[in-house]
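Written below as structure tokens is the structure these notes are about.
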Amino acid sequence: MIRKPVIVVHGGAWAIPDDLAESSKIGVKDAAKCGYSILTDGGSSLQAVESAVRMLEDNTIFDAGHGAVLNANGDVELDAIIMDGKKLAVGAVSCIKNIANPIMFARTVMEKTPHNMLTGAGANKFAERMKIEQIPTDELVTENATKEWEQYQRYTQSVTSLFNTEKMHDTVGAVAIDSEGNLSCATSTGGITNKMVGRVGDCPIIGSGAYADNFSGAVSTTGHGESIMKVTLARLVLFNMQQGETPQNAADHALDYMKNRVHGRGGLIVVSKTGEWAARFSTKRMAWASIDNNLLTYGLNPGEAFQETLEL
């Protein structure tokens with residue numbers, strides 16, 4: 001049975017400032033168009049989500065790849081995950097350095113190793129063996145990220161109060177279903193400013209930062225990583241859908257549960273096995289865009305949705 005292809009992307013759920021609002025919307029729209037063009041050319045959902053996230057990683061507006069932020073030592077540690085819902089194949093990387101497109105590396109882990117995740121120095125050594133280009137740290141960090149890190153160095157707040165905030169830059173992600181009905185997801189992050197060295201959030205954790213299963217749907221999450229991990233947010237959304245909930249209700253109930261149970265806020269995008277989708281968040285803003293039936297829908301603020309018909 002031929003399905004209509006659908007893609008949804010997000011650029012992170014947080015208190016996006018006004019001066020980044022327009023560029024954030026443009027960024028997610030362009031990434032959605034990139035992924036959708038692959039789907040309409042007969043490409044796979046896996047390739048579509050990887051390409052969409054790579055575009056977001058290359059955009060310094062977002063906290064992933066070239067927009068990464070600095071940890072407590074003033075260094076960059078990157079995380080990413082990609083998952084194929086047809087086979088439940090998954091590849092993830094955490095605490096990697098000097099790689100511009102972690103999502104591409106995550107797919108390499110999925111396809112070239114017997115493992116699900118590689119981390120730290122061992123992951124970077126494998127990247128060298130696979131001839132994945134590694135670039136200097138300063139090419140991944142913007143001037144704004146450096147200024148932000150310097151400001152946080154002067155903070156005296158506890159780690160808990162510092163990290164459970166909507167002011168943090170956050171993750172990017174994509175979910176898609178292709179014409180063959182195969183679902184995929186991808187999530188990538190540059191971390192949290194001034195995080196402890198070695199800290200890993202939800203992004204590369206299966207069932208937390210992302211999950212895809214052809215029997216239910218695909219999810220990519222964003223927000224306070226520690227809270228997302230505690231409730232395994234991505235898998236929780238799909239569990240709700242398996243109980244008969246629509247993607248929107250499943251997403252809202254999962255976000256409400258996280259807020260009430262562990263006082264965490266965030267957002268997510270989801271597409272079901274029948275092509276229904278939702279983009280929901282409990283933070284002040286989340287940049288998101290979807291393309292369904294050549295109709296581009298996007299937003300930033302709660303209750304906001306703009307639409308444009310694509311000319312293909």
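The values are calculated or read from the model by the stated rules, or taken from the named source; none is laboratory data. Treat the numbers as computed from the prediction; the structure is a model and nothing was measured. Positions of Cβ are generated from backbone atoms using ideal geometry, with glycine treated the same way; all protein chains shown enter the neighbour counts. With ligands, DNA and RNA removed, areas are computed over all heavy atoms of the protein, side chains included. Shrake-Rupley method; radii C 1.70, N 1.55, O 1.52, S 1.80 Å.
Annotations
- GNM flexibility winner over the chain from 100, 234, 123 (Cα, springs under 10 Å): 123
- Taking the DSSP bridge list for the chain and keeping only pairs wholly inside it, about 95 percent are antiparallel.
- Rounded to the nearest 20, the Cβ-based charge dipole of the stretch 1-149 about its Cα centre (Lys and Arg +1, Asp and Glu -1) stands at 880 debye.
- Among the helices of the chain, those built from whole DSSP H runs whose Cα atoms reach 24 Å or more along their own axis and whose mean Kyte-Doolittle hydropathy is at least -0.5 are 18-40.
- Divide the volume of the convex hull around the Cα atoms of the chain by the residue count and you get 117 Å³ per residue.
- Heavy-atom surface of the chain, accessible at 1.4 Å and reported per residue (Å²): 41
- Highest-first arrangement of 5-11, 31-37, 304-310, 259-265, where packing means the average Cβ count within 10 Å: 5-11, 31-37, 259-265, 304-310
- Model label points for residue 261 and residue 115, set 7 angstrom from Cα along the Cα-to-Cβ axis, are 2.9 nm apart.
- Note on residue 309 and residue 151: the model spin-label points, each 7 Å out from Cα along the C-beta direction, lie 4.4 nm apart.
- Put the Cα centre of the stretch 206-240 next to the Cα centre of the stretch 69-106 and the gap is 17 Å.
- Residue with peak Gaussian network fluctuation, the chain [Cα springs, cutoff 10 Å], from 63, 213, 170: 213
- Taking 24 Å as the straight-line reach from the Cα of residue 284, the lysines in range (excluding those fewer than 8 positions away in the same chain) are 25, 29, 147, 167, 195, 230, 259.
- The share of accessible area on the stretch 190-262 that comes from carbon and sulfur is 53 percent, using a 1.4 angstrom probe.
- Solvent accessible area, Å² - residue 273, 1.4 Å probe, full protein context: 100
- Nitroxide proxy distance, nm - points 7 Å out along Cα→Cβ at residue 87 and residue 142: 3.7
- Pairs of alpha carbons in the stretch 205-312 whose separation is greater than 19 Å (percent): 41
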